[in-house]
There are 2 protein chains.
Amino acid sequence: MTSEISRNAGSGSVPPGRIGIGLELDDIHMKMLEVLRENGRISVAALAERVGISRANAYTRFEALRADGAIKRFTAEIDHVRAGLGITALIFVTVRQQMWKQFRAELARMPEVEYCAITTGQHDAMIQVRVADVAAVHTMVTDRLANIPAVKATETVFILDEVLKRPYVLPSDARAPARRRSPELGPAQKTQGDVPLGKMRFVGAAEGRAALQKDG
Amino acid sequence: MTSEISRNAGSGSVPPGRIGIGLELDDIHMKMLEVLRENGRISVAALAERVGISRANAYTRFEALRADGAIKRFTAEIDHVRAGLGITALIFVTVRQQMWKQFRAELARMPEVEYCAITTGQHDAMIQVRVADVAAVHTMVTDRLANIPAVKATETVFILDEVLKRPYVLPSDARAPARRRSPELGPAQKTQGDVPLGKMRFVGAAEGRAALQKDG
DNA sequence: GTTGAAATTAGTACGAA
DNA sequence: TTCGTACTAATTTCAAC
C-alpha cells in the first residue's frame, strides 16, 4: 500500500486544534488521541471511561475522528530486528529538477522504504529504509536508486541506534511531565543569549524547489 | 512516555525471521503482521480468517507475537496538521563525546521530539520534531538544544512534504507488487555498472563514536 | 491445530435531560 | 450535545475432539 500523506504548507502560525475545514478538536478529543497512542486496540467502552465520557459519546467522537481524518489509521509497532530487517539507513537524495513525479513513482515501487520526506537544505529528500543486511543497502542505493534518472546523487548514513520513537506528538504533551529547571520562564524571557555564533544552523530550501512538491 | 527501542548492532547478515532468542516467525506470523499493519484494530477472529487459520491458533500466535516483543504496541496514526502541529523539522545534532548519556536524558524531556536516531556520517544524531509553527522550531533549537552542554552543533532542515510513510516494512513485502522490469535477476547479476563515480556516497561513523551508543 | 457452544463484551438505537 | 439504557451482533474464552 502506498500512503500519500499530508504536507506542511509553510503555514506560519495556525491556531492549534483547528486547521482548515474539519472537526474542531477539543480537550476530550486530545485525551482520546493520547490514550489511543499508547493503546490503539482499546475498546471504545474502555476509552470512554479513561477520558471520562459516556459510551455513546465516545462512539460518536471516535467515529468523528476517523471520518474527519484526524485519525488516519490504526497500526502496530514491531521490532524490526525480530522481523528480519535489522539494518536501518537514511538516504539523502538530490533530485533532478522537474523529475519529482518520476521520483515519487519509483519510490512507490520500493517496499524497503519506510519513510520519505522532501526537505529543505542541501539535499532534496530523505529516505529511510529497512533491510536485512548492509549488502542490501548497497544494492538498493547503487542498483535501484542510481538507475533512476530523477536521482542526481545520494548520500547514505546508517542508523546505529533508535533512541526515541513516539507514534506521534500532541500539543497537549507540552512540558508538563518531568521538569525541574528554573521556576518556569515565560516564552519572552527565556535564556537565549550566549550561544556561539554558527553553532546552530538553519538550512533553507535550494533554489527552484518551492514549486516542485506534489506535482513537479 | 519514553520508549527506548532496539538497536541495529552492526550484524552483518542475519537469517530473516530468526534473530537472537525468541519466537520463530513463520509465514503466518508475517501475514498477521501484514494485516495488522493496515488495520491494528481488527479482531483476532477476523484476523484468523484473513490469514487462513483457526481462531484458537490466531489467539495463540497473536499472544506470542506480543509476548515475544515482535509486536511492541498498537497505536494510531494521526494527521499532525489537524492536531495542531503543522510544522515538521529535522535537526541534525553533533554531540560532544562522552556526553551521550546527558543528551539522551534531555531528549526524554522534549515532548515535541517524535523520533531520534544515532547515525553515522558527519552528524551524530537526527531528531524529528513536530511543532505548531516555525517560531517553535527556532525556540526549540536556539533555546532548548543550544543550552544542552552535550550539544556541540546543530543543523536544521524543514520537511516540506511527507511523500511516503509506512508503519513498518516487512521482508515479505519484497518486490512482489507492481513490477515490470527485467524478468527478475538474481542478486549476483544485477545491473550495477555505469554509475558515475561519486554520485552515490556512503558516509561512515566519525572517529571514536562506535563505543558511544547506549552508555556513553 | 481445529471446531463448536457458553459467557462476555462490543456496537447500535433511541428517548430523556 | 451528552447521557443512560435496552437491544442486537460479534468476539473471546473454554472445552472437547
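Taking the residues in segment B:25-44 that are over 24 Å from residue A:38 (Cβ atoms) and out of contact with any Ser or Thr (no Cβ under 6 Å at 6 or more places or on another chain) as candidates, determine which candidate is least open to solvent (accessible area, probe 1.4 Å).
Looking at residues that are over 24 Å from residue A:38 (Cβ atoms) and out of contact with any Ser or Thr (no Cβ under 6 Å at 6 or more places or on another chain), I get B:25.
Taking the options A:169, A:141, name whichever one is over 30 Å from residue A:71 (Cβ atoms) and at the interface with chain B (Cβ under 7 Å from one of its Cβ atoms).
Residue meeting the stated conditions: A:141.
Within segment A:116-131, identify whether any single residue is crowded, with 17+ Cβ neighbours inside 10 Å and modelled with pLDDT under 95, and answer yes or no. No - not one qualifying residue is present in segment A:116-131. The number of residues in segment B:26-43 that are closer than 16 Å to residue A:77 by Cα, more than 7 Å from every other protein chain (Cβ to nearest Cβ) and not basic (Lys, Arg) comes to 6. The residue that is farthest from residue A:83 (Cα to Cα), counting only those in segment B:55-81 that are touching a helix residue (DSSP H, G or I) at 6+ places or on another chain (Cβ under 6 Å) and within 11 Å of DNA strand D (Cβ to nearest atom), is B:55. Residues of segment A:202-215 include at least one that is in contact with a strand residue (DSSP E or B) (Cβ under 6 Å, 6 or more places away or on another chain), open to solvent by less than 30 Å² (accessible area, probe 1.4 Å) and modelled with pLDDT under 95. With respect to residue B:73, is the statement that it is at pLDDT 95 or above and out of contact with any strand residue (DSSP E or B) (no Cβ under 8 Å at 6 or more places or on another chain) true? Taking the combined requirement at face value, the residue does not satisfy it. So, of the residues in segment A:42-60 that are assigned to a loop (DSSP other than H, G, I, E, B) and near DNA strand C (Cβ under 10 Å from one of its atoms), which turns out to be nearest to residue A:166 (Cα to Cα)? My answer is A:42. The residues listed here are A:114, A:77; of these, the one that is within 30 Å of residue A:43 (Cβ to Cβ), in contact with a Phe, Trp or Tyr (Cβ under 9 Å, 6 or more places away or on another chain) and assigned by TED's automatic domain parsing to the domain that holds residue A:137 is A:114. For segment A:1-56, filtering for residues that are at positive phi and at pLDDT 95 or above leaves 1.
Quick one: would you say residue B:89 is facing another protein chain (nearest Cβ under 7 Å) and of a type in the set (Gly, Ala, Ser)? In short, no. Among the residues of segment A:61-79, not one is near DNA strand C (Cβ under 10 Å from one of its atoms) and open to solvent by less than 20 Å² (accessible area, probe 1.4 Å).
The values are calculated or read from the model by the stated rules, or taken from the named source; none is laboratory data. Small disclaimer: the values here were computed from a predicted structure and weren't measured. Ideal geometry is used to build each Cβ from the backbone, glycine not excepted, and the neighbour counts take in all protein chains shown. Keep in mind that these areas ignore ligands, DNA and RNA; they rest on the heavy atoms of the full protein, side chains included. Shrake-Rupley method; radii C 1.70, N 1.55, O 1.52, S 1.80 Å.
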